[in-house]
Each structure stands twice: as structure tokens, then as C-alpha cells.
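Heads up: the structure comes next, in C-alpha cells.
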Amino acid sequence: MITLNRDRLLIHKDQDVVILRNRVKEYATKIGMGLVNQTKLITGTSELVRNMLRYAQGGEVLIEVVSRGRENGIRLTFSDRGPGIADLDKAMQDGFSTGRSLGLGLPGTKRLMSEFSIKSAPGEGTTVTVIKWKNG
Amino acid sequence: MKASTIKMLQSKKEQIIELWMENQMEDPTLREDLMSNEDLRVQSIELIDTLLHTLNEGNSTQVESQDFEPVFEILAGISLSRARQGYTPRETATFIFSLKDAIFSVLGENISDLSLLNQELLEVSKLIDSLGIVTFETFIQGREEVILRQTDEIAEISTPIIRVWDGIIALPIIGTLDSARTQIVMENLLVEIVNSESSIAILDISGVPAVDSLVAQHLIKTVSATRLMGAECIISGIRPEIAQTIVHLGIDLSSIITKATLASALRQAFTMLQLEVTKVRKDKKV
Ligand SMILES: Nc1ncnc2c1ncn2[C@@H]1O[C@H](COP(=O)(O)OP(=O)(O)O)[C@@H](O)[C@H]1O
Ligand SMILES: [Mg+2]
């Protein structure tokens, strides 16, 4: 997989959610991603960035345009230095929430994306990497 | 800076002000529409007074010292008010940097020892640069306040409530439905249900760019609150791509009446109120 373009955004306030979503949308439009996949990508982005703000008081998002074979896509890496997640299996279950919300952000985003991976440990922050292929 | 230099500057205060005012007036972009020359002079004098009063041999290279707080305070006040009045960053920066030229001229005229002059010029330059940075920081802060205020205003004005029929109100939501927005929408909606004695509210989300789990939760809460008031809530404007995304995300909206368009929501509302829309047939008169 090769990276064609990269962009970094710092996240520390609610208003950054809209800024990030718009930036991701720009890149998705540029590679010609269709409306349905774009909407899935942006909604997943919204989930992950809100988690970052809510549970880790912010962090950093890396936006990359990647290419593998003939397929182009967008890769996003959300990294924060928050408290981390103690039980990842639980956090990935539908309906599990420590924030009295719907508990669909992580498992739902996994379903919306083409690829999803999460790394987290208590005290070490959380990193979520996702890819949405243009036709994925 | 040498005590003698500071003393000299203090004695030439009037000249510095005149030179500074001249520099500012010379700037072709000066905004006489935003501030009268008289106000500009008052601001300039206040700043020079405080600055020359604060300066002494010990602190002239220590801009971070507490001594300079009154100067920064005046400067912050000036740039905040300029930001609010719509001055550009260039205009605001010119205000403080044109002071440098004025002080340079006075130093040049009055100090003949070249190495001393050189040293004093350098110090004044550094000092004014620091003042410039403070001016800029507070100017931006002022702009951010304006932006925040506008955000609040947009939140207020972008949630109008429309009485579409007796007993039916509609609320088009445009933009991102965050927690603060939802609060406003919900309050307005509940008040309007009571005021208009409506039994059906249509929430149209055609203008909402993304429905994530937080927005969905807000929508569900709003529907529950409407039902507690004895009214029914229909959500319309769910575009196909949004419907697909909601399903994948795992959000269950089955307890809510949802429609693709405002028109179909209205049709549903008429049915619920046992109303019928029919075409009038015009009989031809003989
Ligand atoms: N960046 C993060 N840092 C720490 N904890 C997190 C982070 N993201 C998610 N979590 C934890 O995982 C849980 C599940 O997240 P999610 O699926 O988005 O549901 P929700 O946000 O509704 O709780 C959260 O309640 C929280 O405890
Ligand atoms: Mg979440």
C-alpha cells in the first residue's frame, strides 16, 4: 500500500468535529468516492472523533490518501493520549458505553469501514486506524 | 536602555506622539470610518504615557516582567475593541509598528554616540516587537469571541418553527445537530407545541450533513419528549445514503415514524388527523 497524500489535524474542541469531517469529505470527493461510501466514512469519522474528545479530551487525526493495486482509499488514524480502554472486547460490543450514550460508536464504525483496527491500553491512550476504499 | 535615554524619550513625548500620529495618518488604509482621528489620538497618548512611565533602566529588556502589565492591559483593550469593530490585522499591526518609526527618529536625532544609538535602537525594536505580539494575540482572541457569538446566533436563528396546518408544526433542521443545538431545538419545539396546540410535529433533517449515534440519540430524545407532551413526532428528510448508514451503525429507529420527504410526512400527518386533500372539480357552467 502506498500513501499518495497526507494531512494532520489537531482535535481539541467540539468545533473541530465539523472541520475534520469537511476535510475528510474533501479528500473523499477528490478520489471520486461515491455518496453512500462517503456518508459511511464521514459518519464513522464523526464517531471516532467524538470519542476522542469525550473520553480523551482530544488528540490528533492523520488523514491519508492511500492506494493498493488499482484501488484508492482514505486511511484515517485517530490517536490520543487519554486514559485508554481496559476491556477492548467489551468496548467493541454493541450497546456498551461508559458515557451513557448508545454504545454504537466503535462497533458501528467497524461495520461502516472497509478496515478497522484499534490499539489501546490503560494509561497509554488509544489509536484507531480505519480505511475506506473508494469502492469498498 | 540607559536611564538617560529613557529620560530623553520622556521629555520628547509630545514629539513622539506627533510623529506617531503622522505615521498612522499617512497610512492610506487608515479607517477613519471606524474611528475618529481624535479617538485615535487619545488611544495613542494613553499608550505612550503608560509605556514611558513604565520603562526604566532595569526592565527595558525584560518585557515579561510584571512592570509591563499596565501597558499590555491597555494594548489588549485597544486590539480587542479593534477586532470587534472589524479592523483588519494589518491595520491593527500598523498601529503598534508605526510607533517604532517614531521612536527611532527621536533616538536618531538625540543620540550622537553611534554604538549607544545602535544598542538603544535594538532594544526599542525588541520591545515594540513584543508589544506587537501581544497586540496580535489579543486581536485574534477578540475575533474568536466574535465567532463564538455568531455561532450562538446561528444556532438560534437556524431553528425556525413553521405552522404548516392547524395542529401540525414543522421544524427544518439545518447544520450539525450537536448537544447545544438539540437543547435549543427541543425547547423551542415543546413550547411551540403548547402555544399552537399542535398534536403533530415534523422534524425535517434534510439539512443535517451526518447522522451519527450522538445525533440519533438526540433525535430519539426529542421524539420521546414530544410524546410526553401528548403529541406525535415524525422525522422526515432521511436521504437514502443516511438511511443505509444508520442501519450499518446499528441504530434502531423503528419506534419512530420516519419519512423520506417532508411531503410524505405531511401526508402521514393529514391521515393521522383524518384529513383529506382532494382536487376541486370545476363543473362547467352552461
Ligand atoms: N478514545 C477513547 N479513549 C478512551 N475510551 C474510549 C475511547 N473511545 C471509546 N472509549 C470507550 O469505549 C466505549 C464504547 O465507545 P462507543 O462504542 O463509541 O460508544 P459510546 O461512545 O456511546 O460510549 C466508551 O463508552 C468508552 O468507555
Ligand atoms: Mg462513541
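The values are calculated or read from the model by the stated rules, or taken from the named source; none is laboratory data. If you're wondering where the values come from, they're calculated on a predicted model, not measured in any experiment. Glycine gets a Cβ as well: all are built from the backbone with ideal geometry, and neighbour counts include every protein chain shown.
Structure summary
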read-out: Region A:105-130, residues that are crowded, with 21+ Cβ neighbours inside 10 Å and more than 8 Å from ligand 1 (Cβ to nearest atom); value: A:112, A:113, A:130
read-out: Which numbered condition residue A:33 misses (of (1) at pLDDT 95 or above; (2) away from every other protein chain (no Cβ under 14 Å); (3) outside any helix (DSSP H, G or I)); value: (2)
read-out: Residue list for region B:244-259, filter: outside any loop (DSSP other than H, G, I, E, B) and more than 10 Å from chain A (Cβ to nearest Cβ); value: B:257, B:258
read-out: Any hit, region A:84-101, residues being among the charged types (D, E, K, R) and away from ligand 2 (no atom under 14 Å from the Cβ); value: yes
read-out: Leading residue by the ranking (nearest to the other protein chains (Cβ to nearest Cβ)) among those in region B:183-236 that are under 24 Å from residue A:99 (Cα atoms), of a type in the set (Gly, Ala, Ser) and more than 16 Å from ligand 2 (Cβ to nearest atom); value: B:224
read-out: Residue in region B:34-44 that is of a type in the set (D, E, K, R) and either under 26 Å from residue B:117 (Cβ atoms) or not assigned by TED's automatic domain parsing to the domain that holds residue B:91 (or both) present; value: no
read-out: Options A:63, A:118, A:42; residue that is within 14 Å of chain B (Cβ to nearest Cβ) and away from ligand 2 (no atom under 12 Å from the Cβ); value: A:42
read-out: Test set (1) away from chain B (no Cβ under 14 Å); (2) assigned to a helix (DSSP H, G or I) - residue A:9 fails condition number; value: (2)
read-out: Some residue of region A:22-39 being within 16 Å of ligand 2 (Cβ to nearest atom) and in contact with a helix residue (DSSP H, G or I) (Cβ under 6 Å, 6 or more places away or on another chain); value: no
read-out: Selection from region B:180-226 of residues that are without any contact (Cβ under 8 Å) to a residue 12 or more places away in the chain and either among the basic types (Lys, Arg) or within 23 Å of residue A:109 (Cβ to Cβ) (or both); value: B:217
read-out: Residue B:80 out of contact with any Leu (no Cβ under 6 Å at 6 or more places or on another chain) and at pLDDT 90 or above; value: no
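Here's the yes/no breakdown for (1) farther than 24 Å from residue B:140 by Cα; (2) more than 29 Å from the chain's Cα centre (by Cα); (3) surrounded by 13 or more Cβ atoms within 10 Å (Cβ to Cβ); (4) without any contact (Cβ under 8 Å) to a residue 60 or more places away in the chain:
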{"site": "B:76", "(1), (2), (3), (4)": "no, no, yes, no"}
{"site": "B:83", "(1), (2), (3), (4)": "no, no, yes, no"}
{"site": "B:97", "(1), (2), (3), (4)": "no, no, yes, yes"}
{"site": "B:104", "(1), (2), (3), (4)": "yes, yes, yes, yes"}
